[in-house]
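Following: one structure in structure tokens, then a few remarks.
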2 protein chains.
Amino acid sequence: MAKPNEIIDILRHSRHDWLNVMQLIKGNLALNRPERIEEIIRSVIQQSQNESKLSSLNIPALVADLLTFNWENHCYELEIEVIGDVKDLSHYENELHEWYSQFIKLLDQCCDEGTENHLLVTFQLLEEEVKIIFDFQGQFKDISVIESWFKSPSSELLVIAEKELSVNEMFCVVTLN
Amino acid sequence: MAKPNEIIDILRHSRHDWLNVMQLIKGNLALNRPERIEEIIRSVIQQSQNESKLSSLNIPALVADLLTFNWENHCYELEIEVIGDVKDLSHYENELHEWYSQFIKLLDQCCDEGTENHLLVTFQLLEEEVKIIFDFQGQFKDISVIESWFKSPSSELLVIAEKELSVNEMFCVVTLN
């Protein structure tokens, strides 16, 4: 079992996130906007389903990093999406976690702190293939490091299948072999 | 930092609890009951404030047990209330945690599983004195063990100042010296 202080800390962060949702609902209730509240609830349930699916992919080290990312100090917000049916990705865990950790650090180094930056990570779990799509919108102060990173050789398990890069956008598709 | 699987597990439980609140709000929105939604939000915010205060008392082992109690298999529901300003209770942590763990186990042994049982634990943090009040409502199948437990000698730090016991109710005030 996790240490007491760690449990308290995780619950503190989670409580804070959910209280923000509550405040949003409360505000829209005061303004008599039931449709907006419905939208908020739908979005929150959707996000929870994403997180729940993500938690069942058998890649705990990566998932724990993803789920706690926005509690840390980064220059971009992370959003997670999971499309398709849950699969066991444990075979890829070590390599994927290593790759992700480096990539995410790189983005932090390269993106402009004064801008609202956003990274959407989509797990596309199709029958034939698993894709992880990284879609960054915001502002980079330097893209040369990411360019070099994209040129580094692929591994056997992880292949960068598509990539696009500009100062305002980065799109990258990783397939798991 | 906690292990990835532990983080995922804590977040899974927390998400489950909050989604129940969302469903409740969603249901009342469909029934066009804004007053009921306001009530739910007020109660949830109040509970969060209790948990947040509890988390600041510097008694992490006990607090982690309290905050995760309802996720485990027990024959009663636990509710937490914190009245007054936050204090540093670290001096009492070991003794209080030990005492609580035994007491809570005892209640699990004694209470009737077929009934809806409820334990309200109130931390009353007054200027002069800290009281912890245990208020059980439900059904005991055997109260003799609790009776004996109440007769066991108090410690220097922890004193059972008041107690009442019947088959349907248990009320017990512990003061910290």
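Neighbouring Cβ atoms from other chains, within 10 Å of the Cβ of residues in B:13-21, number 5 on average.
Compactness of the stretch B:1-41 is given as radius of gyration and Dmax, 14.6, 44 Å, from Cα positions. All C-alpha pair distances within the protein assembly as shown, sorted into 20 Å bins from zero, spread as 24, 47, 25, 4 percent across the bins. Across the identical copies, the label point of residue A:120 (7 Å from Cα in the Cβ direction) is separated from its matches by 4.7 nm, in order from shortest. Taking GluC sites (Glu not before Pro) that fall in a DSSP loop and have at most 13 other Cβ atoms within 10 Å as cut points, what is the longest piece of chain A between them? With a cap of 13 other Cβ atoms within 10 Å, the longest stretch comes to A:1-71.
For the protein assembly as shown, with all protein chains present and a 1.4 Å probe, just round the carbon and sulfur fraction of the accessible area to a whole percent.
46 percent
Other residues within the sphere of radius under 11 Å centred on the Cβ of residue A:37, judged by their own Cβ, net out at +2 (K and R +1, D and E -1). For the set B:171, A:140, the ranking by accessible area, highest first and with no ligand, DNA or RNA atoms included, is B:171, A:140 under a 1.4 Å probe. Shape index of the stretch A:19-177: Rg/Rh, with Rg the Cα radius of gyration and Rh the Kirkwood radius from the inverse mean 1/r over Cα pairs, equals 1.01. Starting from the label point of residue A:85 at 7 Å along Cα→Cβ, the same points in the other copies fall at 5.9 nm, in ascending order.
Residue B:141 sits among other residues whose Cβ lies under 10 Å from its own Cβ, and their net charge, with Lys and Arg +1 and Asp and Glu -1, is -3.
Rounded to the nearest 500, what is the 222 nm mean residue ellipticity of the protein assembly as shown from helices alone, with -39500 (n - 2.57) per DSSP H run of 4+ residues and division by all residues?
That calculation yields -15500 deg cm²/dmol at 222 nm.
Treating the beta-carbon of each Lys and Arg as +1 and of each Asp and Glu as -1, no other charges, what is the dipole magnitude of chain A about its Cα centre, to the nearest 20 debye?
That gives chain A a dipole magnitude of about 620 debye.
Per residue of peptide B:59-68, the mean number of Cβ atoms on other chains within 10 Å of the residue Cβ is 4. Between identical copies, the spacing of residue A:72 label points, each set 7 Å from Cα toward the C-beta atom, reads 3.1 nm from nearest to farthest. In chain B, taking the dipole from charged Cβ atoms about the Cα centre, the farthest positive-side position among B:89, B:160, B:4 is held by B:4. Ordered from longest to shortest, the equivalent ellipsoid semi-axes for the stretch A:78-170 are 24, 16, 11 Å, each the square root of 5 times a Cα gyration tensor eigenvalue. Surface exposure of chain A, expressed per residue as accessible area with a 1.4 Å probe, stands at 53 Å².
The values are calculated or read from the model by the stated rules, or taken from the named source; none is laboratory data. All values derive from a computational prediction rather than experimental measurement. A quick note on method: Cβ atoms are made from the backbone with ideal geometry, for glycine too, and the neighbour counts reach across all protein chains shown. Side chains included, ligands, DNA and RNA excluded: accessible areas come from the protein's heavy atoms. Shrake-Rupley method; radii C 1.70, N 1.55, O 1.52, S 1.80 Å.
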